1. Restricting to DSSP loop positions (anything but H, G, I, E, B) with no more than 15 other Cβ atoms inside 10 Å of their own Cβ, which GluC sites (Glu not before Pro) remain in segment 103-188?
2. Let me check I've understood the local charge: for Ser117, count other residues with C-beta under 15 angstrom from its C-beta, Lys and Arg +1, Asp and Glu -1. What total comes out?
3. With the alpha-carbon atoms as the only input, what is the per residue convex hull volume for segment 2-209 in Å³?
4. If amide H atoms are built 1.01 Å from N in the plane of the peptide, which residues on other chains or at least 5 residues away come under 5 Å of the amide H of Lys57?
5. Over the chain, what relative contact order in percent results from Cα pairs under 8 Å that are six or more residues apart?
6. Amide H of Val179: which non-local residues (sequence gap of 5 or more, or other chain) have their own amide H closer than 5 Å, using H built in the peptide plane?
7. With the full set of protein chains in place, find how many percent of the accessible area of the chain is carbon and sulfur; take the probe as 1.4 Å.
8. Taking the alpha-carbon distance from Lys197 and a cut-off under 15 Å, which aspartates and glutamates remain once sequence neighbours fewer than 8 residues away in the same chain are dropped?
Amino acid sequence: MRKFLLMLLATLVSGSAIAAGGYANLMDAEVDVSDEASLQRGAQLFANNCMGCHSAKFVRWNALPEELGVSMELIEENLIWDSGYQAGDVMTAAMRSEDASAWFGAAAPDLSLTARSRGADWVYTYLNSFYVDPDASIGWNNTLLQNASMPHVLWQLQGVPQPVYEGSGDALKVAEIVVPEGQQGAMTEAEYQQATKDITNFMAFMAEPVRAKRQELGVWVIGFLLVFTILAYFMKREYWRDVH
Ligand code: HEC
C-alpha cells in the first residue's frame, strides 16, 4: 500500500512538472485554467483574431459552453464565423491551409496542443515579441521565432512595436521592443499583456480541457486515499488482534 501510494504520488507530481515546463527568459503567463472570466475573454480574442488562419481541431465548439460557463447561443453568436456550422463541429480555421502557405510562406499550424508542445510561457512571450521589420517579407518579425511568417495580428491592440538594436554586423540583435509615443494601439501595455495572458490561458485550457476538472478531482482523490489509508491501518490492527 505504501509503495502504491508513493508511486501514485510520483505520477501526480511528475505530471504537473511536465505541464509547468521550464524555459529561460520567458515571460510568466500565470496560467490559471480555473479562471472562467479569463477563459471567456481568451476564447473571444482567439476566435476573433486567430481563427482566420489557425484551427484547433481537437476542440469541439459545443464542449465550450459547459467548460466556460456560457450558453451555446452566446458561443454561436459571438465566436463561430462559419455559417455552415453544425452541432459537433470542431474549431476550424476560416482560411484553408493551402491559402495560408501561399500567402504567408507557411501554413498556420493547428493550435489545439501548442500551449503544451511549446509551453504556455512560450506562447505568451511569442505574442509579446512582435516588432516592425522592413527587411522581413511580411513587414513583421518576432524575437522568439525569428523570421516567423505570422504577421503581428494584434497590432491594433498593442500598437506598432519598434525594435531597439544592440551590437553590429552578425552580432546585431534586438535588445528591446518598445511601442513609441504616437504609435500606441487601442490598449495600454498592461491591458495588452492581460489580453495576451487571456489568449494563452485559453490555449492552455484547450491543450488540456479536462485539466480544471482534474485539479479539483485530484484533491478529492488524495483526501480519499488518506482516509482509506487510516481505515486500512485500523482494520489491519483489528484483524490481527486475535492472532497475536
Ligand atoms: C494571418 C494568419 C494568421 C493569424 C490571423 C494568426 N496566425 Fe499564428 N501563425 C501564422 C503562421 C503562418 C504561423 C507559422 C509561423 C512560422 O512557423 O513561421 C503561425 C504561428 C503561430 C504560433 C507558433 C506555433 C508553433 O508552434 O510554431 C503560435 C503560438 C501562433 N501562431 C499563435 C497565434 C495566435 C494566438 C493568434 C491570434 C492572436 C494567431 N496566431 C493569429 C498565421 C497566423
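1. Numbers: sites: Glu166, Glu176, Glu181; in loops: Glu181.
Answer in residue order: Glu181.
2. On the way: positive: Lys57, Arg116, Arg118; negative: Asp110, Asp121, Glu208.
In short, 0.
3. Details: hull volume 33.3 nm³, N = 208.
It is 160 Å³ per residue.
4. Sorted by chain and number, the residues that satisfy this are Leu111, Ser112.
5. Details: 298 pairs, mean separation 56.6, N = 244.
Computed value for the chain: 23 percent relative contact order.
6. Result for Val179 returns Gln162.
7. Numbers: 8870 of 15340 Å².
Of all accessible area on the chain, carbon and sulfur atoms account for 58 percent.
8. Asp28, Glu30, Asp32, Asp35, Glu36, Asp121, Glu189
The values are calculated or read from the model by the stated rules, or taken from the named source; none is laboratory data. Please read all numbers here as calculations on a predicted model, not as lab measurements. When we count neighbours, we look across all protein chains shown, and the Cβ atoms used for this are built from the backbone with ideal geometry, even at glycine. Note: accessible area is taken over every heavy atom of the protein model, side chains too, but ligands, DNA and RNA are not part of it. Shrake-Rupley method; radii C 1.70, N 1.55, O 1.52, S 1.80 Å.
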